[in-house]
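Comments concern the structure below.
The values are calculated or read from the model by the stated rules, or taken from the named source; none is laboratory data. Everything numeric in this text was worked out from a predicted model, so none of it was measured. Positions of Cβ are generated from backbone atoms using ideal geometry, with glycine treated the same way; all protein chains shown enter the neighbour counts.
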């Protein structure tokens, strides 16, 4: 059994119309909002460009703030290197005396090797081989090589030179050799001087020379031990004795019958 539809009242129809209109307005507003929020292609490109610029600026900032190592200043680059120590007499004979002075090297060098190396060094530094602009320097170098050889070839000047190298220049510069109180040495030298003055024959002088050579050899052995042990006091005491025996050697070499004996200390 069917029921007939009742006509709606006027108030009901008005209510339904207002509700429908409100619903449509809400839907339209929501759709417009969605359309406004959706970025356009040009907006996308603008956003991408802004991000790229921001990234580049960030990278540049971090690079500019990164610490950099200081570059050497022109003053540092132009500063001269430290000067090497001045050469010693030993520097002219690197083959014969490669270790240098004692205690690293020996006190007594090989005399024949030293002579050969000296001649080679002199040949290389001879002034006649230098050009005119370098001749003065060549003369100075040749003189230094000569001085080095004369000093190292004989035990007395070698010992005095080594003492000067170590800061003890008194003995070489005229220090009183008897200040050490070696009365036995003084008496021995005075007695030997009288014997030389009283000598009448060359044979007698030859015997005294042989005795004196043994004294010198003994002094050299003591000096070798003293310098090897770096005992400068012992080296100085023995250098005093050696200086006297070297003076005696000079007197005996120049002996003439009836000639006065004059002893002069030689360095």
(request) Tell me the helices (runs of 4 or more DSSP H) entirely within the stretch 123-200 that contain at least 3 residues that are within 27 Å of the chain's Cα centre (by Cα) and at pLDDT 90 or above. (result) 135-153, 155-165
(request) For residue 249, state whether it is within 37 Å of the chain's Cα centre (by Cα) and in a helix (DSSP H, G or I). (result) no
(request) Would you mention how many residues in the stretch 97-122 are closer than 16 Å to residue 224 by Cβ and in a loop (DSSP other than H, G, I, E, B)? (result) 13
